[in-house]
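Shown next, in structure tokens, is the structure this report addresses.
The values are calculated or read from the model by the stated rules, or taken from the named source; none is laboratory data. In this text, all values refer to a predicted model and were calculated from it rather than measured experimentally. Neighbour counts are summed over all protein chains in view; Cβ atoms, including those assigned to glycine, are modelled from backbone coordinates with ideal geometry.
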Amino acid sequence: NAVLSELYGASRLVVCDHWDYMRDMGYISNRVFDVLGSGGHLVVDSVRGLEDIVPERYYDVFRTEQEFADILRAPDGTDPEMRREAVDWVARNHSFEARAIVFSEKIQQLFELPGQGKTPIHSPALKW
């Protein structure tokens, strides 16, 4: 993973395309976060909901072969500061730790008992 991260970060651009069913269902590839978290310049196909999760300034999107070709032919205009900003954004919002916190909070919400507030997961009130 460290080598891949270095390659992503040092590349002029990294392409992330999705299977049709992923695009249609809004299933965003982890590569999106891997590339951005490594400081890479992300070029991605249009995936439903991507713009709702990832700030559009962090990637170039293509919808057609012509748009893809245009991105490939364009001079490298990647802003190093923008790459650093994207790395920080991924670390805050989509790192393993950040996602684990969200999972933990959601699980804790499942164990809230009416009128008793939050119940610790190890509580004897919870019977498995």
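Key figures
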item: Which numbered condition Asp76 fails, given (1) over 12 Å from the mean Cα position of the chain (by Cα); (2) acidic (Asp, Glu); (3) under 20 Å from Tyr27 (Cβ atoms); result: (3)
item: Counted residues, the range 1-51 - those being part of a helix (DSSP H, G or I), β-branched (Val, Ile, Thr) and more than 14 Å from Ala86 (Cα to Cα); result: 1
item: Identity of the residue in the range 29-57, among the acidic types (Asp, Glu) and out of contact with any Phe, Trp or Tyr (no Cβ under 8 Å at 6 or more places or on another chain), that ends up surrounded by the most Cβ atoms within 10 Å (Cβ to Cβ); result: Glu51
item: Residue match in the range 111-122 (condition: part of a strand (DSSP E or B) and modelled with pLDDT under 85); result: yes
item: Extreme residue, farthest from Thr78 (Cα to Cα), among residues of the range 1-36 that are of a type outside the set (A, V, I, L, M) and without any contact (Cβ under 8 Å) to a residue 12 or more places away in the chain; result: Tyr21
item: Matching residues, the range 58-87, being assigned to a helix (DSSP H, G or I) and surrounded by 12 or more Cβ atoms within 10 Å (Cβ to Cβ); result: Tyr58, Glu67, Phe68, Asp70, Ile71, Leu72, Met82, Arg83, Glu85, Ala86, Val87
item: Filter result for Asp45 (touching an Asp or Glu at 6+ places or on another chain (Cβ under 6 Å) and under 30 Å from Asp20 (Cβ atoms)); result: yes
item: Selection within the range 1-28 - buried (at least 16 other Cβ atoms within 10 Å of the Cβ) and in contact with an Asp or Glu (Cβ under 8 Å, 6 or more places away or on another chain); result: Tyr8, Leu13, Cys16, His18, Arg23
